[in-house]
1. Using a Cα distance threshold of under 27 Å, what count of lysine pairs results for the range B:24-138 when pairs must be 8 or more residues apart or interchain?
2. In the range A:35-55, which residues become less accessible by 20 Å² or more once every protein chain is in place, relative to the chain on its own, using a 1.4 Å probe?
3. Taking H placed 1.01 Å from N in the peptide plane, check which residues at least 5 places from B:GLY155 or on another chain put their amide H under 5 Å from its amide H.
4. Using a 10 Å cut-off around each Cβ of peptide B:25-31, what is the average number of partner chain Cβ atoms that fall inside?
5. Average partner chain C-beta neighbours within 10 Å, per residue of B:83-91?
6. Translational diffusion coefficient of the range B:28-83 at 10 °C, 1.306 mPa s, Stokes-Einstein with Kirkwood Rh over Cα pairs, in µm²/s as a whole number.
7. Quick one: helix B:41-69 against the long Cα principal axis of chain B, what's the angle to the nearest 10°, folded into 0 to 90?
8. Excluding A:PRO189 itself, what net charge comes from residues whose Cβ is under 12 Å from its Cβ, given Lys and Arg +1 and Asp and Glu -1?
Amino acid sequence: MNKAIHLNLLRAEERVSSSRVRLHVMAPVFAAVVVAGVALWWAWLWTQTLMAQSQTRAADDAIGQLQAAFKRATDTTGREQELKQQLAQVELYRHGAARYGVFLRKLAEQMPATIQLTALEFVEPPPQVIAAPAPRGKKAPPSFGPSSPEEPVRLRLSGRTPDAASLDKLLGVLRAPAFRETIETATVPKGAFRQEQDARGGSGQEFFRFDVECTLKRRVFE
Amino acid sequence: MSQGLTGEQLLAFFGNSKRRAFAVAVGLLLVAGALWQFLVTGQQEALDQARNEAQARQSKQEAMEKLVRRQSLTEKAVQELEGQLKALEGEGYLTPLLNSYAMRCKALLDPLTEKTGFALAQFAEHSQRMLPVPKVGVPEQLQARQLITCTGTGGYRQMMEFVEALEDTYPLATLSAMRIIPTNDPQVHAVQMVVEWPAKGKTKSELLPAAKGGRR
């Protein structure tokens, strides 16, 4: 069998591609384009940076000119916020306000005739707990108000009566639906119902002295 | 054998036009890489920073302009709110008279005592009680509960009418405590009542020394 022998006598640098686009021409051109592209990109970035810096300076100037008006506006806005908060806190207070005029009138109207009240006392509310005690070795956090929105209200009635039945009647009145809106509980504390003798006028008549403790509806500030 | 290329070898290498072209291309690409690394990257960071700064200043400027544009509306709102607060005085929001809440209380209650016949003789000012304001949003005690002890004499009916008149005239006033004690005259009682009014509270800085104590 005959074998075809392909003999190439050209040296490598003497070979010429049949393509019109020659790699050894295009490579430097491509590289030059890349360099030019990078340079253009940098120039564009530089221009943009200058523009951004110019915008910053313009904004700074505008801010400087606005300062006085802005301070006035800030003060006014602060005042507005404070007034809103003040009004909100008055509404908080209003919600916790209690009314006892009608209650006192009803109490007078429905008091049994055999009961003589010697004292009526709306007990002063307990001292406010302003801040929880700090853990040992730690500083107490500043607190700016009581932690609970509720405040208990207590009423103490003291008086005298000729018999125990009258006191039962008074308790019945205080626990009746007419007072349910105001009174939650009405009780005679232990030892608060005691027999005494009337020393006035030397009559020596016996009577009972009593105290009734009432828990009224809590005041809720919310 | 020499380690480096000799001049002849270099001339022979670059004497070839194709090799020279590729060497130029590689050189240019290296220059491009160096430009990218040392100029473009740095410039990009500078641009990002400049843009962020510009954006921050512009945002600040816009916010300021917005607030300034709202100034007239805010002033109007402040006037309305001040009017509302002033109107509350008619409902029992207590303001000091001659630096005294007790004096103001007396001034407010005198017409009621005249109307009901319940005689109040003494007025004493207590320290304020705090409101349980929400801990978030409204941290300061802008309003407080001002307690005034009023001492007087009168019949139960007069006292009752006085309390009703107080609550009707000043819805914000509250009977906080009361003590009725009989006197020698069965028709007349000695009454000590603590009337509570809303009043201006204390700011955070005013409260701080008090809060240090923990309990009040």
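The values are calculated or read from the model by the stated rules, or taken from the named source; none is laboratory data. Computed from a prediction, not measured in an experiment: that's the story for all the values here. So basically every Cβ, Gly included, is an ideal-geometry build from the backbone, and we count neighbours across all protein chains shown. In case anyone asks, the SASA skips ligands and DNA or RNA and just uses the protein heavy atoms, side chains included. Shrake-Rupley method; radii C 1.70, N 1.55, O 1.52, S 1.80 Å.
1. Taking the range B:24-138 as the scope, the lysine pair count is 7.
2. With the partner chains in place, the range A:35-55 has these residues losing at least 20 Å²: A:VAL35, A:VAL38, A:TRP41, A:TRP42, A:LEU45, A:GLN48, A:THR49, A:ALA52, A:GLN55.
3. Amide H to amide H, under 5 Å and 5 or more residues apart or across chains, B:GLY155 pairs with B:HIS189.
4. For this peptide, the per-residue mean of nearby foreign Cβ atoms is 6.
5. Across B:83-91, the average partner-chain Cβ count within 10 Å equals 2.
6. So the translational diffusion coefficient is about 106 µm²/s.
7. For helix B:41-69, the angle is close to 30 degrees.
8. Within the 12 Å Cβ shell, the charges total +2.
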